[in-house]
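Presented below is the structure to which this report refers.
The values are calculated or read from the model by the stated rules, or taken from the named source; none is laboratory data. Note that the structure is a prediction, hence the values are computed from the model and not measured. Don't worry about glycine lacking a Cβ; one is built from the backbone with ideal geometry, like all the others, and counts go over all protein chains shown. The area values use the complete protein model at the heavy-atom level, side chains included, leaving out ligands, DNA and RNA. Shrake-Rupley method; radii C 1.70, N 1.55, O 1.52, S 1.80 Å.
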Amino acid sequence: MPEIGEVARIVHYLKKHVVGRTIAAVKVQDDPIVYGKVGTSAAEFKSAMTGKKVVGARQQGKYFWLEMSEPPHPLMHLGMTGWIRFSNDDTSWYKAPKNNEEEWPPRFWKFVLEMEGNPECQVAFLDARRLGRIRLVDAKAEEMRNTTPLKENGPDPVVDKDILTVEWLGAKMRKKKANISGVGNWVGDEVLFQARIHPEQYSNTFSDEQVERLHDKLIEVCTIACETLAESDRFPEDWLMKHRWKKGKKDSSTLPTGEKIIHLTVGGRTSAVVPSLQKKTGAVAGDVSASQVNGAVEDEEDDTEKKPKATKTKKGAKREKDEDDVDDTTSGKRTKRGKAKTEDADGELDDTVGTPASKKQKKATAVKDESAKIGTPKGTKGSKAVTPESGRRRSARPLPHKEQNLFRQVVKYYEAKQYKKALKAADQVLKKAPNHADTQAFKALTLNAQGQTEEAFALAKIALKNDTKSHICWHVYGLLYRSVKNLEEAIKAYKFALRLEPESQQIQRDLAFLQIQMRDYQGYIQSRRAMLNARPQVRQNWTGLAVAYHLSGDLQSAENMLKTYEGTLRSPPPRSDIEHSEASLYRNALIAEMDEPERALEHLESIAKNNLDRTAVMEMRADYLLRLDKKEEAEKAYRALIERNNEYRLYYEQLEKALGLTRTDSSCLPQLLELYDSYAKQNERLDAARRIPLDFLEGEQFKTATDSYLRRLLTKGVPSTFANIKALYRDPSKRDTIHQLVESYFADASSNGSADKSQANGDGHSDRFKQFVIYFLAQHYDYYLSRDLSKAMSLIDQAIELDPKSVDFHMTKARIHKHLGDSQKAAEMMNAARQLDERDRYINTKCAKYQLRNHENDSAIQTMSKFTRNETVGGPLGDLHDMQCMWYITEDGDSYLRQGKLALALKRYTAIADIFDTWTEDQFDFHGFSLRKGQVRSYVDMVKWEDHLRDHPFFARAGLSAVKIYIMLHDNPALKKSGGNINLTNGIGAEDLDNLDAAEKKKALKKAKREAERAEKAEQERKEAEARKNAGKKTTGGDGEPKKEDPDPQGLKLIKTEQPLEEAMRFLAPMLEFSPKRVDVQVLGCDVFLRRSKLLLALKCIRAAASIDPEDAGLHEQIVNFRKAVDKSPPTDPKLKAVLDATDDLIPASKDLASFNDAYLKKHAESATQVRAGLNVRHLLDPNSKNQNEKDLIATIGLDGTDLTSALEGLGLLSYWKSDKSARSAYMEKARARWPEATVFKSNA
């Protein structure tokens, strides 16, 4: 086979006779193997070459190519017997031509190039065995080496000396993957001989001195072979090449000095070796067969020694070997039949300096490689497998054959989630090999999957003690920490594993996912860079590194990564390539984020034609044009977007900017009206163009436009008419105008709703118009900015009389009952509305919500069950938890809290926190998936959204209530004894226990205990009935995972916590971090920190609250509580004392607290909320003022600003003061007089 020197000879003659000349004519012979195997045809080759000028000839290993005046360029490989011949020169084959080969064109020719000019010259490519390859590469000449197959091959020892360094070679040999271009049989043998290295020795056992010697001789041999143009007569006399050719002859080969040359078959290839000089210094292969000089073992593929025998298929047909794209390397790795192995599992070329493991040794290590199949442990996301590379040490001693098979079964059962069988097989292995660390690690994973976390950790530690250098054990240890969400320790374990197995892609990937999860951006950048270096041909590795730079704030580096990868593409990807489309837009977004709109626009124009996300391209282009003040182009861009989506308000707002129109400028109003009127005329159904002008019009213009808008919608009977315009009610003048217009419609019952009254025709439109006018007015009077509930109720009754089957009318009546305080009638009316349309999920959920607010928890879950599957453990409630239905869980918790059932309330709020934890954990699913699918922009948005996930209103709502419950548990430990029930029995509350004598207290607790046992028994009976009902049904959810029964459905374990304030921090800490602008969060934080004696943290919360709302009622109370806490336990630390002394501007002195509170009461005498806070402080400062405080609290019911919610809070304050029954009755009586329909005030105090 022609090797690096012979190819250099060909390139030399091509430069001598072809470069600089034009190809006048091309003759070809069609060959589907030589051309077709690499996607070219003879006809294409002829067409591409004819008339082109050759400007250069280059080589990389055994590949060579002609650089043409323009692409494409012909890239060729000579295979086993290929060659280039010239009609005007003798290129001297590496095998001398026979007499019958002097004809022209020569035998076995594939193409002949006829060159223009003198001297006359024809160039022929010939190949007898048809193992050569001819292809066309459509790329720039300077980019040829970045195209396939050249970029997949290793460095050229002559051309790439800056790459093929000692360090590079050593690192590759330790991995047994030293892929080097142009090194085949005789060159490999010569290099090893000159370096005095035996070919049987494994490459990862070479010493540093051997690696350096091998590197030097590799460069030396290849350089001499190329410089001498492979003329053996010019080779040095001490080269093995000049003396190795007597294999199989009587006078066996020897060196001039007498050392004997033998031939060995190593890795399926014949190697010439001088044993006396090439000593074995490390582990050797076990599949080596020796052939002495007269031995029988031949290399059937070494064409320089013996003509290859054709292998046959079952039908006797010859099978030809394809040597297309693989350059042989020193002692190249071969498959069972001797054919060179071209790629490993990652798509990398895998030729090895040294010898691959034998079959026997591969079997011995097969059990270790099975660990590459370990699946993700239960409770762990994003980590697919423990994936060690083969050839590395894993356990101290290999397993016997039987145990190897058992070990494979462990892996198999674990992957299939057959954990009992996996444990059984693991125990059988450990019975024979009790200290086999890898088996112990697998068993630990299996135990963890079964929920036996402590046992799993204990066993994993034993495995590590048995083999501290097993990267599998360290990886498993990290996975265990992952499963318990201890990500810091998991990262440490992964780093240990990676130190032992630095080339493991799986460990590197798992580490990277943990780092981005922890927002360790610098560590993530390092991991992503390592992944890119390991597999630069994979696009997602480039994109992943770009994302890492982006998230760390280095936008320039992020953009450069994407730009660099795009530069490696030899041709643009197809338009259907979604990954490329998304990556291009992501790069554009990065440029825009760097505040370079001009460059962003230029780049966007270059990618817009083939990008799949047309809407995004149009939006980004319009935005850039507007930012660059190119208003005419921006106007056209936004008009195009409006045509695409004419209901999107933002497009209209941006179009106004492009046109230079300002809503606050009266001179712009005519143009604005003309703009929106033009769009309204284009489409009768368009709402946005008619609704938006109502935001900026005033006076008569507003009245005219609103009249037209309302008549249009009310005539059509649009139920959402009021919802569309209620935002205008913030302006009192507009609210009054709307009221007057609709009242006039109501008064004019004969109107059919047309703005043009001449169109009144008495048809059915008139009735519909009247119904929806009445409906609109009912909503108007129910709205908090224009509330008159008696009128609202009268009007909605009229509407229902006109249309008794209207769901919307019944829902509005239920809402009016709610605002009246009658939660029972509200729930009943909403249920009636639901029954009118039982297929509507929205009304079904509304009904359940109203039932919860009326404390009908069982009825609510039955209502919700109409739209759940009810097949999993826990029934409908379990389904709602699986669906993460936060509104229901929160409302359910609020209902139980109002009922005084703290355990169940806390159980629901904890479920909300668990959902947010799940969302955080769910990121692991997307760290790999999003990049793999190319959804980069969405992934970055998700990561940024997750960074402030817990500022979501649902978390704050549940968190505030949960923290208040924990404060109650801290202040009143008796609640734990009552099972978290505030109302024990006969009107006795848990807070009243301390006021009872011993006998009454014992009696109350005993009765509460019996009720708790009764409830527990009922729950158990319900579970048994459900189990009987679901017998035979599946116990898995929609994700296929088994659903475990909740061991604490009533929340009794939660309520019995010994450290309630510490538990409260699970909710409070995220709220303080992510919702710092909420005054109620800061006030509650101060309340908790004071109880924990954290004065500085409490002071921090007070200052934060004061900066938001210095007059807040809760803040006023906490200021007084803080001063009393400081007075009670004066600080001894001088620094702390100095800080507290500097708070006089905010915290009054102890002697001034009473006057401070009196001033606050006087200032806010008309606000029920502030008055309650002042009264509570006065009660705290002077308990003897209780009677006066009760009178003043009752008086707050008459204040204009007092609403139903505020009145209920006042009732709770009486309970906090432990007021007697007479005070509560007086309060209830006055409240009942003001809100006669309110359910909560109908019962006796």
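Can you go through D238, D233, D189 and tell me which one is closer than 26 Å to K151 by Cα and not basic (K, R)? Quick ask: steps written out before the conclusion?
Details: D238 fails: closer than 26 Å to K151 by Cα; D233 fails: closer than 26 Å to K151 by Cα.
Criteria check complete, one pass: D189.
Quick check on region 807-819. Is at least one of its residues closer than 30 Å to Q1050 by Cα and surrounded by 18 or more Cβ atoms within 10 Å (Cβ to Cβ)?
Narrowing region 807-819 to residues closer than 30 Å to Q1050 by Cα: 818.
In the following step, the residues that additionally are surrounded by 18 or more Cβ atoms within 10 Å (Cβ to Cβ) were identified as 818.
Yes - at least one qualifying residue is present in region 807-819.
Quick one: A24 ticks every box in (1) of a type in the set (A, V, I, L, M, F, W, C); (2) part of a strand (DSSP E or B); (3) without any contact (Cβ under 8 Å) to a residue 40 or more places away in the chain except a single one, so which number is it?
For A24, the exception is condition (3).
Would region 198-214 turn up any residue that is within 46 Å of the chain's Cα centre (by Cα), surrounded by fewer than 17 Cβ atoms within 10 Å (Cβ to Cβ) and of a type in the set (D, E, K, R)?
So far as region 198-214 goes, yes, one or more of its residues are within 46 Å of the chain's Cα centre (by Cα), surrounded by fewer than 17 Cβ atoms within 10 Å (Cβ to Cβ) and of a type in the set (D, E, K, R).
Mind checking which pairs have a first residue in region 1198-1223 that is under 13 Å from K1186 (Cβ atoms) and a second that is of a type in the set (S, T, Y) and open to solvent by less than 60 Å² (accessible area, probe 1.4 Å), Cβ under 8 Å, 6 or more apart or different chains?
Matching pairs, first to second residue: L1214/Y1227.
Considering each of Q798, Q851 in turn, give the residue that is out of contact with any Lys or Arg (no Cβ under 9 Å at 6 or more places or on another chain) and farther than 21 Å from D892 by Cβ. Talk me through it step by step, then tell me what you get.
Values: Q851 fails: farther than 21 Å from D892 by Cβ.
One residue alone meets the criteria, Q798.
What number goes with the only condition from (1) touching a residue at least 12 places away in the same chain (Cβ under 8 Å); (2) within 30 Å of T40 (Cα to Cα); (3) surrounded by fewer than 21 Cβ atoms within 10 Å (Cβ to Cβ) that G132 does not pass?
So the condition that G132 fails would be (3).
Any chance region 196-210 includes a residue that's in contact (Cβ under 8 Å) with a residue 40 or more places away in the chain, of a type in the set (F, W, Y) and in a helix (DSSP H, G or I)? Before you say what the answer is, go through the steps one by one.
Step one: of region 196-210, the residues in contact (Cβ under 8 Å) with a residue 40 or more places away in the chain are 196-207, 210.
Next cut, of a type in the set (F, W, Y) only: 202, 206.
Next cut, in a helix (DSSP H, G or I) only: none.
No, region 196-210 contains no residue that is in contact (Cβ under 8 Å) with a residue 40 or more places away in the chain, of a type in the set (F, W, Y) and in a helix (DSSP H, G or I).
Report the residue count in region 1081-1105 for those that are surrounded by fewer than 18 Cβ atoms within 10 Å (Cβ to Cβ) and part of a helix (DSSP H, G or I). If you could, list the steps in order and put the result at the bottom.
Of the residues in region 1081-1105, the ones surrounded by fewer than 18 Cβ atoms within 10 Å (Cβ to Cβ) are 1092-1094, 1096-1097, 1100, 1103.
Next, from what is left, pick out any that are part of a helix (DSSP H, G or I): 1096-1097, 1100, 1103.
Final tally of qualifying residues: 4.
Kindly establish whether L1193 is open to solvent by less than 30 Å² (accessible area, probe 1.4 Å), among the hydrophobic types (A, V, I, L, M, F, W, C) and part of a helix (DSSP H, G or I).
Numbers: open to solvent by less than 30 Å² (accessible area, probe 1.4 Å): yes; among the hydrophobic types (A, V, I, L, M, F, W, C): yes; part of a helix (DSSP H, G or I): yes.
Spelling it out, L1193 is indeed open to solvent by less than 30 Å² (accessible area, probe 1.4 Å), among the hydrophobic types (A, V, I, L, M, F, W, C) and part of a helix (DSSP H, G or I).
Would you confirm whether any residue within region 423-434 is within 27 Å of G928 (Cβ to Cβ), open to solvent by less than 40 Å² (accessible area, probe 1.4 Å), assigned to a helix (DSSP H, G or I) and of a type in the set (A, V, I, L, M, F, W, C)? Break it down into steps so the answer makes sense when it comes.
Narrowing region 423-434 to residues within 27 Å of G928 (Cβ to Cβ): none.
No, because not a single residue in region 423-434 is within 27 Å of G928 (Cβ to Cβ), open to solvent by less than 40 Å² (accessible area, probe 1.4 Å), assigned to a helix (DSSP H, G or I) and of a type in the set (A, V, I, L, M, F, W, C).
Take the conditions farther than 25 Å from D914 by Cα and either outside any helix (DSSP H, G or I) or modelled with pLDDT under 70 (or both) and apply them to K1033. Does it pass? Give the derivation first.
On the way: farther than 25 Å from D914 by Cα: yes; either outside any helix (DSSP H, G or I) or modelled with pLDDT under 70 (or both): yes.
Here the answer is yes, as K1033 does meet what is asked.
Is there a residue in region 619-628 that is part of a loop (DSSP other than H, G, I, E, B), under 30 Å from F929 (Cα atoms) and open to solvent by 20 Å² or more (accessible area, probe 1.4 Å)? Even if it seems obvious, please write down each step before you answer.
In the first step, residues of region 619-628 are kept if they are part of a loop (DSSP other than H, G, I, E, B); the result is 628.
Okay, now just the ones that are also under 30 Å from F929 (Cα atoms), so none.
Checking region 619-628: not a single residue is part of a loop (DSSP other than H, G, I, E, B), under 30 Å from F929 (Cα atoms) and open to solvent by 20 Å² or more (accessible area, probe 1.4 Å).
Restricting the search to region 622-636, which residues are closer than 26 Å to R685 by Cβ and under 33 Å from the mean Cα position of the chain (by Cα)?
The initial filter retains those residues of region 622-636 that are closer than 26 Å to R685 by Cβ, namely 622, 635-636.
A622 - this is the single residue of region 622-636 that is closer than 26 Å to R685 by Cβ and under 33 Å from the mean Cα position of the chain (by Cα).
Among helices (runs of 4 or more DSSP H) lying entirely in region 821-864, which contain 2 or more residues that are of a type in the set (D, E, K, R) and within 23 Å of D797 (Cβ to Cβ)? Step through it out loud before you land on a result.
Numbers: elements: 823-836, 841-853, 857-864.
So the answer is 823-836, 841-853.
Any residue in region 1043-1067 that's under 16 Å from A911 (Cα atoms): show its pairings with residues that are of a type in the set (A, V, I, L, M, F, W, C) and part of a loop (DSSP other than H, G, I, E, B) at Cβ separation under 8 Å, as long as the two are six or more apart or on different chains.
K1043/V873; K1044/V873; E1045/V873; D1046/V873
Output the number of residues of region 649-671 satisfying the condition of being over 13 Å from D695 (Cβ atoms), in contact (Cβ under 8 Å) with a residue 24 or more places away in the chain, surrounded by 14 or more Cβ atoms within 10 Å (Cβ to Cβ) and not polar (S, T, N, Q).
3
Which ranges mark the helices (runs of 4 or more DSSP H) fully within region 464-519 that have 3 or more residues being buried (at least 24 other Cβ atoms within 10 Å of the Cβ) and touching a residue at least 40 places away in the same chain (Cβ under 8 Å)?
Per the criteria, 471-483, 505-517.
Looking at (1) farther than 23 Å from K964 by Cα; (2) assigned to a helix (DSSP H, G or I), which is the only condition A1165 fails?
The failed condition is (2).
Out of the residues in region 557-597 that are in contact with a Phe, Trp or Tyr (Cβ under 8 Å, 6 or more places away or on another chain) and farther than 24 Å from L514 by Cα, state the one that is most open to solvent (accessible area, probe 1.4 Å).
T564
Which of (1) crowded, with 18+ Cβ neighbours inside 10 Å; (2) under 29 Å from the mean Cα position of the chain (by Cα) does K846 not meet, given it meets every other one?
Here K846 clears every test but (2).
Just to verify a result, which residue in region 242-288, among those that are within 19 Å of M1 (Cα to Cα) and surrounded by fewer than 20 Cβ atoms within 10 Å (Cβ to Cβ), is modelled with the lowest pLDDT?
K246
Among the residues in region 846-859, are any among the aliphatic types (A, V, I, L, M) and modelled with pLDDT under 95?
Kept after step one, since they are among the aliphatic types (A, V, I, L, M), are these residues of region 846-859: 848, 852.
Keeping just the survivors that are modelled with pLDDT under 95 gives none.
So far as region 846-859 goes, no, none of its residues is among the aliphatic types (A, V, I, L, M) and modelled with pLDDT under 95.
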